[in-house]
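Just so it is clear, none of the values below were taken in a lab; they were calculated from the coordinates. Since the structure is predicted, the reported quantities are computational estimates derived from the model, not experimental observations. Counting neighbours? That spans all protein chains shown, and the Cβs are built from the backbone with ideal geometry, glycine included.
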Amino acid sequence: MGNSVGTYNIGCCYERGFGVEKDVKKAFEYYKKSAEMGHADGMYYVGEFYHQGIIVEKNIDIAFEWYLKLAITEQFTSVKKQEYFHWIPYDKFENIEEIGKGAFSTVYKTKYLNQYMKMLQLRL
């Protein structure tokens with residue numbers, strides 16, 4: 001199977017029981033195959049399975065890795081990735097403070113103004 005969209009769609013069929021007997025384990029396997037091929041929605045659902053502990057042991061770290069891969073691809077996804085990733089303009093941050101420095105990055109903590117999230121939620 002070399003088509004990420006087709007592989008993802010098979011996962012959807014197994015998850016929902018469309019044309020096949022419902023099998024969430026097989027759905028996960030197909031979602032993961034499609035995610036490994038670079039399919040955005042597949043990445044999202046693999047993250048969700050780990051985030052919620054569906055079929056796999058709940059693991060927030062692995063879920064985050066899949067969500068991050070999804071964000072890095074910058075692909076359109078039909079699922080609501082806005083729940084996890086959304087652009088926050090720099091001017092909405094306040095009290096930016098450096099809290100650590102490593103070999104490859106600097107880590108900051110900040111607070112952002114909640115009005116932006118309220119506006120975003122109204123648009124969704």
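For the range 29-58, the set of residues classified as within 21 Å of Ala71 (Cβ to Cβ), out of contact with any Lys or Arg (no Cβ under 8 Å at 6 or more places or on another chain) and of a type in the set (Phe, Trp, Tyr) consists of Tyr31, Tyr45, Phe49, listed by residue number. If you go through the range 13-33 one residue at a time, how many are farther than 20 Å from Gly53 by Cβ and under 22 Å from the mean Cα position of the chain (by Cα)? Count: 2.
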